[in-house]
Amino acid sequence: MDSKIVCYAQEKGLIINEDCLRLLNLNNYKKILDKLAEDKKIFISTDDIRKITSSFNDTEKEIISFDGKNYKILEELDVTGKKLSQGSVEDFLALFIDKYNTLSEIIKKRVDFSYQTIADAKREVKGKEAHIIGMVLDKRTTKNRNLLLTVDDPTGKVNVVIMEDKEKENKSDEINTKEILMDNVIGIKCSVLSKDIFIAKEIMYADIPYQNKQQKLKEDNYVVILGDTHVGSKLFREDEFNDFIEWINKLNVNDEEKKVIEKINYVVIAGDLVDGIGIYPKQYNELSTTDIFEQYKIFEDLILKIPENIEIFLIPGNHDAVRLSDPQPRISEKFLPRLSQKKNIHIMGSPAWVELEGLMFLIYHGVALHGVFGKIKDLKMDRPDLAQKEMVKRRDLMPQFGEKQTFIPIEKNFLTMKEIPDVFICGHIHHHAYSKYKSCHLISTSCWQSITSFQIELGHTPTVSKAILFNLRNQKICIKDFEKQEKKLECT
């Protein structure tokens with residue numbers, strides 16, 4: 001499809017970029033490009049395409065869909081099948097350079113930011129303002145209670161002092177300087193004190209911009225968001241998950257809920273499909289099924305009961321039969337042979353990027369969230385969405401290397417947010433939550449497993465058996481709670 005669009009654009013004398021290609025891939029590209037050619041456009045922007053699309057008659061179908069649904073998996077951002085490294089020092093260096101390059105390019109586009117390399121900035125005279133981008137190598141508090149960062153880029157490193165009064169000024173801003181983590185890539189507006197010490201005036205992350213996407217959907221269109229089913233555990237809420245299966249098949253539901261269910265076109269399951277084996281201490285005693293293949297067979301039996309007109313997107317988690325380190329490839333066909341053959345079931349890696357009805361979904365299981373909880377004060381596991389917010393601000397699913405999670409260095413970094421997510425979904429924490437940061441919806445899933453002995457030791461109480469429904473038309477959520485005796489649909 002992409003090559004056809006590019007060729008057609010060339011025939012019309014139009015020049016398009018990758019962002020335009022993504023929009024055209026979802027729309028009636030010939031009609032749009034014909035109109036742009038009539039308007040004597042040459043260099044085409046995404047705004048040009050959106051204006052043309054919105055100008056079409058509302059009664060005409062504007063979107064090329066798949067069986068009435070409009071989705072696209074961004075395979076190039078999935079680690080599955082990509083070349084692995086040998087784990088050498090050079091491979092790790094390449095991982096961090098790719099992270100730096102990706103995030104620095106985003107920061108360079110900030111208004112009033114005049115980028116210099118650290119090497120060039122160190123040649124400036126005392127008192128000169130410099131705008132640099134660096135990765136945090138070290139962080140400490142001086143005897144004068146100032147914050148001292150050591151940051152580097154491919155050209156060198158420098159010490160940056162954040163004065164205590166500047167930290168106080170920043171408390172109400174988007175960046176609390178005390179929450180800058182090791183390995184964060186930050187933009188710094190500073191003044192030169194000496195060739196080895198700069199004084200910070202302003203600090204920024206890559207962050208996401210505000211976006212105002214106007215949906216063209218005329219009717220409600222729901223995504224059901226689940227996670228952490230943990231099939232194979234004695235603590236798996238099997239009866240409640242079967243209640244969910246009956247519900248999505250419109251069995252024993254009232255007319256009001258039936259109208260909602262009829263509008264469900266997508267299901268997302270954010271990892272830990274099964275409980276696995278040997279994942280945490282004493283887990284064996286909590287397993288109902290000790291064969292990993294049998295665990296996946298039971299999971300397949302359940303998922304195959306979901307109506308085939310619904311597109312299902314699955315990613316792995318730390319309990320699944322893939323490597324623990326991020327990014328994780330998709331679960332092998334040998335574990336999910338039947339699901340792998342179904343056209344409506346899409347098995348992806350973690351993280352995964354999927355565009356649904358024009359909204360960009362980032363789906364990540366979420367193990368690296370623990371590193372954020374451990375380093376940023378006041379973040380609690382009963383509000384995982386706030387840890388997700390910190391990742392979005394940094395545009396990074398690997399905010400601090402090796403903190404509670406391990407990462408594999410491969411040919412490029414799949415953990416930076418090269419796209420701008422409209423919806424960011426995580427599982428793993430076993431506690432459902434929702435909030436919004438700028439224009440990005442932050443959704444954490446509940447689980448389908450009762451509290452484990454390991455969670456009791458951690459002092460963490462999960463929330464269970466809740467299906468989150470996200471309406472793609474108005475971007476509102478509902479929660480269907482299968483744990484309660486009276487199972488009502490609650491919308492906010």
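The values are calculated or read from the model by the stated rules, or taken from the named source; none is laboratory data. Only a predicted model underlies this, so the values are computations on that prediction, with no experimental measurement involved. FYI the Cβ positions are ideal-geometry reconstructions off the backbone, even for glycines, and counts take in every protein chain you see.
Do we have Ser446 as modelled with pLDDT of 95 or more and at positive phi here?
Criteria not met by Ser446.
Just for segment 390-447: of the residues that are among the basic types (Lys, Arg) and in contact with a strand residue (DSSP E or B) (Cβ under 7 Å, 6 or more places away or on another chain), which one is farthest from Thr80 (Cα to Cα)?
Residue satisfying both the conditions and the ranking: Lys436.
Scan the strands (runs of 3 or more DSSP E) fully inside segment 314-384 and keep the ones with 2 or more residues being in contact with a helix residue (DSSP H, G or I) (Cβ under 8 Å, 6 or more places away or on another chain).
Numbers: elements: 345-347, 352-356, 359-364.
The strands (runs of 3 or more DSSP E) meeting that bar are 345-347, 352-356.
Cβ-Cβ under 6 Å, sequence separation 6+ or interchain: first residue in segment 100-117 and touching a residue at least 24 places away in the same chain (Cβ under 8 Å), partner outside any loop (DSSP other than H, G, I, E, B) and of a type in the set (Phe, Trp, Tyr). Which pairs?
Correct list of pairs: Lys108/Tyr115.
Starting from segment 388-411, take each residue that is touching a residue at least 60 places away in the same chain (Cβ under 8 Å) and list its partners that are surrounded by 21 or more Cβ atoms within 10 Å (Cβ to Cβ) and among the polar types (S, T, N, Q), counting only C-beta distances under 7 angstrom and pairs at least six apart or across chains.
Arg394/Asn184; Arg395/Thr416; Asp396/Thr416; Pro399/Asn184
For segment 181-229, how many residues are under 20 Å from the mean Cα position of the chain (by Cα), of a type in the set (A, V, I, L, M, F, W, C) and part of a loop (DSSP other than H, G, I, E, B)?
3
Please specify each residue of segment 360-384 satisfying the condition of being closer than 14 Å to Phe424 by Cα and surrounded by fewer than 22 Cβ atoms within 10 Å (Cβ to Cβ).
Met360
Report yes if Ser439 is farther than 30 Å from Asp239 by Cβ and of a type in the set (Ser, Thr, Tyr), otherwise no. Lay out the reasoning, then the answer.
Working: farther than 30 Å from Asp239 by Cβ: yes; of a type in the set (Ser, Thr, Tyr): yes.
So Ser439 fits the description; yes.
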